[in-house]
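The values are calculated or read from the model by the stated rules, or taken from the named source; none is laboratory data. These numbers come from a predicted model, not from an experiment. Reconstructed Cβ throughout: ideal geometry from the backbone, glycine too, with neighbour counts over all protein chains shown.
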Amino acid sequence: MSKKQFKALVLSVVKHSYVALAVDSHPQFDLVAVCDDPHEPDWVHERNQEFADRFEIPYIRDLDQAVKDYDPDLAVVSSQAERHCDLSVRAAAAGLHVIVDKPLSTKLSECDRLVQAVKTSGVRCLVWNRNFLPALCQATQALKNGAIGDLRAIHCDFYFSKDAGPRKGTREPGYPPINWLQRQIEAHADGSDGGVGVVAMGELQIEGIYPLAYIRMLAGSSVKRVFARTAAHFHQANADNDVDDLATVTLEMETGVAGSLCIGRIGAASHPDIGEIKLHLLGTEGALVVSESRPEIAVHYRGQPANEFRHIRVADDNNYLLMENFAHAIEHGTDTILDAQGGRDICATVDACVRSGKTGQLETVS
């Protein structure tokens, strides 16, 4: 029996196109149009138009008109970070299911708006994540099977080997501070523009959702309180904009499990892969060490570009499984693997971490 087809409206695609591409790769989903607000700057329209041209679909500078003309089932939101929730709220109000790129927002008040909009409209929401990576699936199953007994502690190293412009300390004294948005626009060419938007974001805000989603899923618990140390250690753009590129975090979890996280954007030259990303799980009967990148193969050849990854992940069905999860949620009214409320809870943890890094105090997750 053929499965239901869903029409997807790409609601801004200025950050990266990986979310929209993942949606398109699943046989139950079809991209029907790209849309955005007419008052957005030229660089936004240029990126949207480029994606629309690539897929030979229309680009409409009006959300309401796009919904009217193409009757989509869902919206795929990958705009500037500070617009994620507002666009998602408007999509939900129009009766569309929502897939939203990370970070969910830079403001908890915006996250709360989305949670309420999704609840009011009765639509499904998926916040993009990597919880279906093979290593995470195997770790989840191992915990369910009691391989290490009851979980007592979990730690994640999440060091991301991407650059973020000039190294800290390499510019002359008195230079103008690096403009965050301009730096992100320039970085789009090499894919290091993870924090696209006017609002400057540290690595906790940009990438923290990934390791915190791992910890939340594996521990089966939300976070009560945090203690963090943060620094702009590597990159001048982070130092100029007073946001972290390196942090350590201790997590006090609702279930009593001890959690901790080390996160940083450590530069492209620091690692042959995307970075050192590993989880350590300690239970009453044993322990697990989980390398996020496995399984992988290493590729080396003459003339290999210096910035090409030597290690290539294989058997990675994360995007397909996320879309399977989303299709099932739409068809059966179930929760997604990371819904609006879950995304909001992680943003609240990140917010507490940022506050703790500045105050030097234990902070409660609100």
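Take the conditions (1) of a type in the set (V, I, T); (2) in a helix (DSSP H, G or I); (3) modelled with pLDDT of 95 or more; I185 misses just one of them, which is (3). Let me confirm something: among H45, H26, which residue is free of Cβ contacts under 8 Å to residues at least 24 places away in the same chain, surrounded by 16 or more Cβ atoms within 10 Å (Cβ to Cβ) and touching an Asp or Glu at 6+ places or on another chain (Cβ under 9 Å)? Answer to the selection: H45.
Give the residues of region 19-58 that are within 25 Å of D316 (Cα to Cα), in a helix (DSSP H, G or I) and in contact with a strand residue (DSSP E or B) (Cβ under 8 Å, 6 or more places away or on another chain), sorted by residue number.
Answer for region 19-58, where residues must be within 25 Å of D316 (Cα to Cα), in a helix (DSSP H, G or I) and in contact with a strand residue (DSSP E or B) (Cβ under 8 Å, 6 or more places away or on another chain): V19, A20, V23, D24, F51, F55.
If you check C35, C85, which single one turns out to be more than 23 Å from M201 (Cβ to Cβ), crowded, with 23+ Cβ neighbours inside 10 Å and without any contact (Cβ under 8 Å) to a residue 40 or more places away in the chain?
C35 is the lone residue from the list that is more than 23 Å from M201 (Cβ to Cβ), crowded, with 23+ Cβ neighbours inside 10 Å and without any contact (Cβ under 8 Å) to a residue 40 or more places away in the chain.
If the condition is being under 22 Å from S79 (Cα atoms) and either in contact (Cβ under 8 Å) with a residue 12 or more places away in the chain or among the β-branched types (V, I, T) (or both), then region 166-185 contributes I178, W180, L181, R183, Q184, I185. In region 61-174, counting only strands (runs of 3 or more DSSP E) that sit wholly within it, the ones holding 2 or more residues that are of a type outside the set (D, E) and more than 24 Å from the chain's Cα centre (by Cα) span 151-160.
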